[in-house]
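K.L.:
Structure below; questions to follow.
Quick note: the coordinates plus some simple rules give every number you see, no bench work behind them. All of these numbers come straight from a predicted model, not from anything done at the bench. Neighbour counts run over all protein chains shown; Cβ positions are idealised from the backbone, glycine included.
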Amino acid sequence: MSTPGFFHFLSWYDENQSMVHLPGMASSTLLTADDLARLDDPDGLPHELVRGVLHLVTPSVPAHGSVVMRVSAALSQHVYPHELGELFGESTGFLLERDPDTVLCPDVAFIASRRLPPEGLGRSFLALAPDLAVEVLSKSNRPGEVRGKVADYLRLGVRCVWVVDPRQRTVRIHTADEAERLVGEDGILDGDELLPGFRCPVAWLFAALRR
């Protein structure tokens, strides 16, 4: 499961993960979304904030980036012509909870038109949950961390989560009110009520990957 700019988590709910600190803050200090926005990160890598704890990311492999772009391309060809809403890339942070703050960056996100800020998009994190969050798995992801992140998305208001698995060539669909659904390589990924009319062959998402 990745984070922005084709990166993946070093850890999700790892009790041994070290916390990243800002200068002048005590080691026990939880960070806020404002701290994250002000973070002067010399490596230029975006990070996520999970209940006040900064999670480090590291570059991922080309296969991951290819799948992310194909998901984005498939969605953009449907969302924009039908004026359904707005799509967001990997570096977009969504402020999903406060005290402590959680800012997550799905690989791809969609927000329906009616939920977009009427004044337009600004320069701060969007303080709302996407309607759709897409996460593309990396080889380092553990089942527990994947379940944990999906559960957080749904708990914090995301209507639907697609977990795309390049190794298995599948897409697992999670919603808050239905059992998860698995779509295999020979299947069709559809948008259901969230993205009416959207249909994409799952095999196309993985067309550039080595067998």
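K.L.:
Taking the beta-carbon count within 10 Å as an exposure proxy, list 153, 80 from fewest neighbours to most. Before the final figure, lay out each step's value.
P.N.:
Working: 153 25, 80 12.
In order of increasing Cβ crowding within 10 Å: 80, 153.
K.L.:
With point charges of +1 on the Cβ of Lys and Arg and -1 on the Cβ of Asp and Glu, referenced to the Cα centre of segment 57-205, which listed residue (64, 77, 191) lies farthest in the positive direction of the dipole?
P.N.:
Final value for the positive-end residue is 64.
K.L.:
Given +1 on the Cβ of Lys and Arg, -1 on the Cβ of Asp and Glu, and no further charges, what dipole in debye does segment 57-205 carry about its Cα centre, rounded to the nearest 20?
P.N.:
Details: 16 positive and 21 negative charges, 70 e Å.
Roughly 340 debye, rounded to the nearest 20.
K.L.:
Once you list every other residue whose beta carbon is under 13 Å from the beta carbon of residue 32, what net charge do they have if Lys and Arg are +1 and Asp and Glu are -1? Please report the intermediate quantities before stating the final value.
P.N.:
Working: positive: 38, 51, 98; negative: 34, 35, 97, 99, 101.
Overall, the nearby charge balance is -2.
K.L.:
Among 189-198, 92-101, how do they line up from the highest to the lowest mean number of other beta-carbon atoms within 10 Å?
P.N.:
Numbers: 189-198: 15.2, 92-101: 18.6.
Output ranking for 189-198, 92-101: 92-101, 189-198.
K.L.:
For segment 57-205, what's the relative contact order in percent, using C-alpha pairs closer than 8 Å and at least 6 residues apart? Mind dumping the intermediate values first?
P.N.:
Numbers: 242 pairs, mean separation 26.7, N = 149.
With pairs under 8 Å counted, the relative contact order is 18 percent.
K.L.:
Continuing with this model, one more query. Can you put 160, 105 in order of Cβ neighbours within 10 angstrom, beginning with the fewest?
P.N.:
Working: 160 22, 105 25.
In order of increasing Cβ crowding within 10 Å: 160, 105.
K.L.:
Moving on to the next point. Just in segment 154-186: which trypsin sites (Lys or Arg not before Pro) are loop by DSSP and have at most 16 other Cβ atoms within 10 Å? Numbers along the way, then the final one.
P.N.:
Details: sites: 155, 159, 167, 169, 172, 181; in loops: 159, 167, 169.
Listed in order of number, the matching sites are 167.
K.L.:
Neighbouring Cβ atoms within 10 Å as the yardstick, rank 139, 149 fewest first. Walk me through the intermediate numbers first.
P.N.:
Details: 139 11, 149 23.
Ascending number of Cβ neighbours within 10 Å: 139, 149.
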